[in-house]
Amino acid sequence: MSWLQALVLGLVQGLTEFLPISSSAHLRITSTLFFGNDAGASFTAVIQLGTEVAVLIYFAKDIGRFVAAWFRGLFSAEARKEKDYRLAWYVIIGSVPISVLGYLLKDEIRTSARNLWITATMLVVFGLLLGLADQLAKHQRDELRMKDAIGMGLAQALALIPGVSRSGGTLTAGLFLGLTREAAARYSFLLAIPAVFGAGLFSIPDVLERSGEGVQASVPQMIVATLISFVVGYATIAWLLKYVSKHSYSAFVWYRLMLGLVLMGLLSMGLLQPI
């Protein structure tokens, strides 16, 4: 991997991880279109650690409350009535589907699921679903329930397929379940922490293995790409929360549709190879 590719992919990861446009799809497309190779699912998982550290820092006070409430609830029946205790469990429960499926399907995720025809199709299909949810949902509730944790957790698991978008899938599910745009976005950020950290740490040995899948990145390149994704990701979180409090997701829907259709066109003309 060249230094330019590492820098660009770190920037792309930071910009796209929290937007409902699929960071894995953008990393796959950018790497193939501009650098002629696939950086690989393991490299993608590792540099996502930077954006998840951004979540930890941005929501540090909230996360501290949730963790403290969860531990109190283990020993106190009164503490188990607290909202923060329930939300901590919602994050844990919502993280189970992607953790289990990510482990069981790890080989497919790194190979056949990265076909660009699949990526293009998922960009279009889930773009349409996000548009429907954004326009038809009620957007009434700010407080999460158990059904929200389960529904958004299952939707997050679909993001194992590039093009679906982890944030896009969870936001779509949250909106269909009746959450406001901002509430769905905040829970989406928190829900990502266990799964993405687990995937990133689990993938470090693979990306360091010189015979592993994808073009090989050096340790300094991975570190720099991860740092860039952290800085840009932190700014993206702040921007997105302000944006969704006043705007719909329609701009992201149209972007997904256009990107998916352009990608299909490039594949059809043979200008890009699907694998």
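The values are calculated or read from the model by the stated rules, or taken from the named source; none is laboratory data. If you're wondering where the values come from, they're calculated on a predicted model, not measured in any experiment. As a convention, Cβ positions derive from the backbone with ideal geometry for all residues, glycine included, and neighbour counts pool all protein chains shown. The protein model used for the area step is the full one, side chains on, heavy atoms only, and it has no ligands, DNA or RNA in it. Shrake-Rupley method; radii C 1.70, N 1.55, O 1.52, S 1.80 Å.
Some observations on this one:
- Heavy-atom accessible surface of residue 139, to the nearest 10 Å², is about 50 Å², with a 1.4 Å probe and all protein chains retained.
- Dipole moment magnitude, nearest 20 debye, the chain about Cα centre, only Lys, Arg, Asp, Glu C-beta charged: 640
- Only one residue of 125, 191, 175 has its Cα farthest out toward the positive end of the dipole of the stretch 80-236, where Lys and Arg carry +1 and Asp and Glu -1 on Cβ, and that residue is 175.
- Selected from 74, 159, 64, residue furthest toward positive end of dipole (the stretch 40-192; charges at beta carbon): 74
- Per residue, the convex hull volume that the Cα atoms of the chain enclose (Å³): 115
- Fraction of accessible area attributable to carbon and sulfur, the chain (%, probe 1.4 Å): 70
- Once exposed loop GluC sites (Glu not before Pro) are cut out (DSSP; at most 16 other Cβ, 10 Å), longest piece of the chain: 1-77
- Ligands, DNA and RNA excluded, the heavy atoms of residue 65 present near 110 Å² of accessible surface to a 1.4 Å solvent probe.
- Size of electric dipole in the stretch 1-120: Cβ of Lys, Arg +1 and of Asp, Glu -1, about Cα centre, debye, nearest 20: 300
- Size of charge dipole - the stretch 68-183 - debye, nearest 20, with Cβ of Lys, Arg +1 and Asp, Glu -1, no other charges: 120
- Value of relative contact order over the chain, rounded to a whole percent, pairs C-alpha under 8 Å and six or more apart: 36
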